[in-house]
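This report concerns only the one structure given below.
The values are calculated or read from the model by the stated rules, or taken from the named source; none is laboratory data. Quantities reported herein were computed from a predicted structural model and do not represent experimental measurements. Cβ atoms come from the backbone with ideal geometry, glycine included; neighbour counts cover every protein chain shown.
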Amino acid sequence: MPRRKNRTPKRKKIYARVGNDLGRADALRGLGDAYRDQSIFVQAEEYYTQAHEIYTRARSDLGQADTLFGKGDICHVQSKYTLAEELYIQALEIHTRTGNDLGRANALDILGEVYRLQKNYTQAEELHIRAHEVFVRIGCDLGRANTLFGLGHLYHDQSRYTQAEESYTRAQKIYARFGDDRGRAYSLRAIGHVRRTLGRNAEAAAHYTEARDLLVQIGMIREVEDVSRWLADVLPDHHSPCT
């Protein structure tokens, strides 16, 4: 048994080093998330890249997928859709290979959004629907709501207003059931947009008002100002409390 005695301390050192590396990578990824959320994209990308390199050395599939997703988000926000697509596809491949259904569904859904923004509507719809099916199968209702919301945007862009409103309404009901006021407010605002496009201004105003009140409650001031402008558009005599 002497070999086992000699190897055990070495193994412990290796495991400790890997553990320390993963902890460092997690911290770097967290910094990347923080800078991304503040729209400080250069620093965010640097931290994601450093974290990804460590995750790759440590063979952490989930870590690699998460950092690819984060970098994809940066490209997405900056309208660099081709780069975003490549990064999200890499994350999707990892989640698919490792059997991570939640990660796979999220990647499918965000890819659908990227394709929609590139007006690749057929592929976008297919990906949103595939994501929705996975979320249903694994029982993730909020994920299901997000895909319905994305489908609403897709249908709205194609002037398929009945389907858009149905999707937004289904999403809104799920968000309401789970107390997700932000998701609910966004869905109500989106329904307002559909009604406004159809010239049903009084109905649009009712949805904008409900969305605005929710946004006020959760302190999303910029969003309050945005929906107040839409409300003023459908009710010219309306005076926003934010002005």
request  = Keeping to the range 55-65, report how many residues are assigned to a helix (DSSP H, G or I) and surrounded by fewer than 23 Cβ atoms within 10 Å (Cβ to Cβ).
outcome  = 6
request  = Identify the residue in the range 117-146 that is over 20 Å from residue 157 (Cα atoms) and among the small types (Gly, Ala, Ser) and, among all such residues, is surrounded by the most Cβ atoms within 10 Å (Cβ to Cβ).
outcome  = 143
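Residues checked against (1) assigned by the TED database to the domain that holds residue 126; (2) out of contact with any His (no Cβ under 8 Å at 6 or more places or on another chain); (3) over 24 Å from residue 128 (Cβ atoms); (4) small (Gly, Ala, Ser):
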residue	(1), (2), (3), (4)
164	no, no, no, yes
181	no, yes, no, no
186	no, yes, no, no
190	no, no, no, yes
216	no, yes, yes, no
224	no, yes, yes, no
remark   = Across the range 155-192, the tally of residues that are of a type outside the set (A, V, I, L, M), in contact with a Gly (Cβ under 6 Å, 6 or more places away or on another chain) and more than 17 Å from residue 227 (Cβ to Cβ) stands at 1
query = Within the bounds of the range 186-209, is there any residue that is surrounded by fewer than 17 Cβ atoms within 10 Å (Cβ to Cβ) and within 22 Å of residue 121 (Cα to Cα)?
reply = yes
ask   = Of all residues in the range 25-39 being out of contact with any helix residue (DSSP H, G or I) (no Cβ under 6 Å at 6 or more places or on another chain) and not in a loop (DSSP other than H, G, I, E, B), which is surrounded by the most Cβ atoms within 10 Å (Cβ to Cβ)?
value = 33
ask   = Would it be correct to say that residue 44 is farther than 22 Å from residue 151 by Cα and modelled with pLDDT of 95 or more?
value = yes
ask   = From the residues in the range 40-54 that are among the hydrophobic types (A, V, I, L, M, F, W, C) and in a helix (DSSP H, G or I), which one is surrounded by the fewest Cβ atoms within 10 Å (Cβ to Cβ)?
value = 42
key: Failed condition for residue 68, given (1) more than 25 Å from residue 137 (Cβ to Cβ); (2) of a type outside the set (Gly, Ala, Ser); (3) surrounded by 15 or more Cβ atoms within 10 Å (Cβ to Cβ)   = (1)
